[in-house]
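Beneath this line is the structure, given in structure tokens, with notes to follow.
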Amino acid sequence: MKLEPGDAAPDFTLPAADGTTVSLEQYRGRRVILYFYPAAMTPGCTKQACDFRDSLASLTSAGLAVLGVSKDTPAKLAKFVERDALTFPLLSDPDLEVHKAYDAYGEKMMYGKTTVGVIRSTFVIDADGKIEKALYNVKATGHVARLRRELSVD
């Protein structure tokens, strides 16, 4: 079931690339951009992560935190963070429980064929833990710029 604005954001606690654990509860009182991507160190996911990295200062100034989630192991995420100098938490969800709670895993179209996998999705969660925006099937290229426009972030 796709999440809609006004829905409660499903809570989670996941391991991060740096060995810590991160929970959505830690961010209560702040707005959060939570994005799901298929795989660390692939071209589209690298583009998207670097776009978030390059926009992080302005997003943070606007009161937004950024969290990325994939099914990759914390060790692979740590390599991704180091390789691309990523400056926001990347979280590991190998069992896909959080992906499924956000409906970011399931059937999708890829090259004209129906397949099952990670659905590149982004959620803006408000300070009270409610979904402000739910964006499914986003494109890696240009997504952060679109999000900045929609959120009026300079």
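The values are calculated or read from the model by the stated rules, or taken from the named source; none is laboratory data. Being a predicted model, the structure only gives us computed values, none of them experimental. Cβ sites come from the backbone with ideal geometry, for glycine too, and all protein chains shown count toward neighbours.
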So which of Tyr37, Tyr111 is of a type outside the set (A, V, I, L, M) and modelled with pLDDT under 95? Tyr111
Restricted to the stretch 72-108, and to residues that are among the charged types (D, E, K, R) and closer than 25 Å to Glu4 by Cα, which residue is modelled with the lowest pLDDT? Lys108
Scanning the stretch 122-143 for residues that are in contact with a Lys or Arg (Cβ under 9 Å, 6 or more places away or on another chain) and not in a loop (DSSP other than H, G, I, E, B) gives Thr122, Phe123, Val124, Ile125, Glu132, Ala134, Leu135, His143
Given the structure, is Asp154 closer than 18 Å to Ser55 by Cα, touching a residue at least 12 places away in the same chain (Cβ under 8 Å) and not aliphatic (A, V, I, L, M)? yes
Pick from Thr60, Thr114, Thr87: which is surrounded by fewer than 17 Cβ atoms within 10 Å (Cβ to Cβ), in a loop (DSSP other than H, G, I, E, B) and without any contact (Cβ under 8 Å) to a residue 60 or more places away in the chain? Thr87
Among residues belonging to the stretch 90-111 that are touching a strand residue (DSSP E or B) at 6+ places or on another chain (Cβ under 8 Å), among the hydrophobic types (A, V, I, L, M, F, W, C) and within 17 Å of Leu67 (Cα to Cα), point out the one that is surrounded by the most Cβ atoms within 10 Å (Cβ to Cβ). Ala104
Looking at (1) touching a Ser or Thr at 6+ places or on another chain (Cβ under 7 Å); (2) within 26 Å of Val153 (Cβ to Cβ); (3) not aliphatic (A, V, I, L, M), which is the only condition Ser58 fails? (1)
Can you tell me which residues in the stretch 121-131 are more than 15 Å from Leu59 (Cα to Cα) and surrounded by fewer than 18 Cβ atoms within 10 Å (Cβ to Cβ)? Asp128, Gly129, Lys130
